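The next block holds one structure in the form of C-alpha cells; read it before the comments.
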Amino acid sequence: MRSLRSTLRSAAPLGRRWCSEAPSPREMQLLQQVSRLENRVHELQNALPPHVKPAKVENWEDLGFGIVPTNGHTRYTWSGVTNAWDAGRFISDPFVPLHIHAAVLHYGMTLFEGCKAFRCKDGRIRVCNLNENSARMNTGADRLVLPRVPVSMFNEAVDWAVRANAEYVPPYGSGGSLYIRPFLMGTGPILGLQPCPETTFMVSVTPVGNYFGKGGVQGIHASIMKDFDRAAPKGTGAVKAGGNYAADLLPLKQAKAAGFGTTLYLDCVEQKYVEEFSVSNFVGIDSKGAYVTPKTPSILPSITNKMMMQIAESKGIKVEARPLAWDEVSTFREVGACGTATVCVPIASITDGDAKHEFGKFEVLKELRDELQAIQYGECEDPYGWMREVVV
Ligand SMILES: Cc1ncc(COP(=O)(O)O)c(C=O)c1O
C-alpha cells in the first residue's frame, strides 16, 4: 500500500497538467502502474470477508428492536432501458454503493415495508400475510412513480432472504421473530425532478424482540403533537414513503425529551380527529365494547389492524373503522398501538397539553393480540390463510 500511496503522490501533480499537455512516456508508465495497483486492491477487497461479520445471537430473550448483522440480503435492479427487473442476487455485504446523484439521496424516492417470519410450534418457519405487504408497496410505488414489484418477485426475494438467514429466526417460545424489511428506492442518477432511470428492490432481515422493549408490555405514554402534522389528506400518509418518517423525527424527539414513548397525531385540517401514532395505528375499545379505529385517507392502512379487525369480527365484536373525534377518546375503555413491529401494545395514557387521559385496561385488545400471535406462531388454526411456510 505504501508504494501505491507514493505512486499516487507523484502522479497527483501530473494530473493537473493532464488537460493541457500530452502525457510523457514516464507519466504514462506511472498511470498504468496506478491502474494496475488499483485493480489489485479491488481484487484483494473482493477476497476479504464482508465488511460486517454476521452476528452470533446468544440470548434470544434479550433481543430488542435493533440491527443484528445477518448473512446478507437480496437485491434486484430495474432498468429504465429494458423496463424490466433483473433476476436478483444474494449479497452478504450490507453496504450499497450509490451514485452521488441517486434519486433516493436527494428526492427521497423510497418506500419500505415491514413484515415478519416466525419459528412456529412445529419448528417450521412461516411468514405472515405477505400479499398485503406486496400490494401496499405497489400502491406506494404508483404514488412515487417507481416501478411495481411483481408479487412473485416480492415473495421470491423475501423467501430467499429468510432461507439464507434461517438461523436468525428466533426459536419458538423466545417471543422473537425475524423482522423482514423489503424496500424500494430510486438508485439511478437524476438532477431535475423526474422518474428515476434505475430502481433497486432489496430485502434485508434482522431478528427482533419487542419494539418498545420490555416496558412496552406495561403501557406506553403518548403525547398529542399539535404543533406538527403527520400527513395531509392527499399527501403520502397512506403509503410507506421514507419521507413520512423523517418528518416524524422532530416531534418524536420533542415527545421523548418530555418523557413520552410515542406521538399521536390529529388530522391536519381541524385538529379534531385522531389519525395515528408515530409508527402504528390507533385502536381502541369504546364505552360500548366496540373495536374502533380511525379511518381517513392520510393514515397508513395497517395490516396488523386489518387482521385484528377480522379476529374481532369473528368473535362477534362490533368493528367500526370511521372518523374518530379526539373528544370521544377519553370515554374509551382501552387504547392500543398496533403494527407489525409492536403487534399491539397498551397505551397507558395520552397527554393533550395539560390534560392527561389514562387507560387502565387492556383486556379485549390483549385477547385479540394473543389470538393473532397464536396464529403467527402456529399454536392454533389459521382460518384466514395468512401464514405461508418458507421451506428451508
Ligand atoms: C405510520 C404507521 N402506521 C401504522 C403502521 C402499522 O402497519 P402494519 O401493521 O402494516 O405494520 C406502521 C408500521 O409499519 C406505520 O409506520
**Prompt:** Based solely on its DSSP helices, what 222 nm [θ] is calculated for the chain when runs of n ≥ 4 H residues each add -39,500 (n - 2.57) and the sum is averaged over all residues, nearest 500 deg cm²/dmol?
**Reply:** -9000 deg cm²/dmol
**Prompt:** Roughly how big is the chain's charge dipole about its Cα centre, with Cβ charges of +1 (Lys, Arg) and -1 (Asp, Glu), in debye to the nearest 20?
**Reply:** 1320 debye
**Message:** Please list, in order along the range 189-204, the HN-Hα scalar couplings obtained from phi with the Karplus expression 6.51 cos²θ - 1.76 cosθ + 1.60 (θ = phi - 60°), rounded to whole Hz, x for Gly and Pro.
**Reply:** x, 9, 10, x, 5, 6, x, 8, x, 8, 10, 10, 10, 10, 10, 10
**Request:** Using the structure shown, list the pairs from K53/K116; K121/K366; K234/K288; K234/K315; K234/K356; K226/K361 with a Cα-Cα distance above 28 Å, or answer none.
**Result:** K234/K288; K234/K315; K234/K356
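List the chymotrypsin sites (Phe, Trp or Tyr not before Pro) in the range 61-98 that DSSP assigns to loop (not H, G, I, E or B) and whose Cβ has at most 13 other Cβ atoms within 10 Å. Which are they? Intermediate results must be reported in sequence, preceding the final value.
Numbers: sites: F65, Y76, W78, W85, F90, F95; in loops: F65, F95.
Answer in residue order: F95.
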**Message:** Can you give the log10 of the normalised intensity I(q)/I(0) at q = 0.06, 0.08, 0.11 Å⁻¹, computed with Debye over equal Cα scatterers of the chain?
**Reply:** -0.30, -0.51, -0.86
**Message:** Which one, L264, M309, P97, is farthest towards the positive end of the dipole of the chain when Lys and Arg carry +1 and Asp and Glu -1 on their Cβ?
**Reply:** P97
**Relative exposure of T296, T304, T82, judged by other C-beta atoms within 10 Å (fewest first)** = T82, T296, T304
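What is the local net charge at K288, summed over the other residues whose Cβ is closer than 13 Å to its Cβ (Lys, Arg +1; Asp, Glu -1)?
Details: positive: K318, R333; negative: D286, E320, E328, E334.
Summing Lys/Arg as +1 and Asp/Glu as -1 gives -2.
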**Within straight-line cross-link reach of K253, aspartates and glutamates at Cα separation under 18 Å, skipping those fewer than 8 residues along the same chain** = D227, D229, E276, D352
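Rounded to the nearest 0.05, what FRET efficiency do Q33 and F95 give with R0 = 35 Å and r taken as the Cβ-Cβ distance? Could you check? Don't skip to the answer; put the middle values down first.
Working: r = 28 Å, r/R0 = 0.81.
The computed FRET efficiency comes out at 0.80.
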**Message:** 7 Å from Cα along Cα→Cβ at both K53 and E379: what's the point-to-point distance in nm?
**Reply:** 3.7 nm
**Asked** Roughly speaking, what is the centre-to-centre gap between the range 137-161 and the range 31-109 when only Cα atoms are used, to the nearest Å?
**Response** 19 Å
**Selection from A135, G175, C115 lying farthest towards where the dipole of the range 66-194 points positive, charges on Cβ** = G175
**Prompt:** Amide H to amide H, which residues 5 or more places from K116 or on other chains are under 5 Å from it, using H placed in the peptide plane?
**Reply:** C128, I180
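Quick one: putting +1 on the C-beta of Lys and Arg, -1 on the C-beta of Asp and Glu, what dipole do you get for the range 217-373 around its Cα centre, in Debye to the nearest 20?
Details: 18 positive and 20 negative charges, 60 e Å.
About 280 debye.
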**Asked** To the nearest 20 debye, what charge dipole does the range 280-392 have about its Cα centre, counting +1 at the Cβ of each Lys and Arg and -1 at the Cβ of each Asp and Glu?
**Response** 200 debye
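Read-outs: derived from the displayed coordinates by stated rules, not from any lab. Computed from a predicted structure; not experimentally measured. For neighbour counting, all protein chains shown are included, and Cβ atoms are generated from backbone atoms with ideal geometry for every residue, glycine included.
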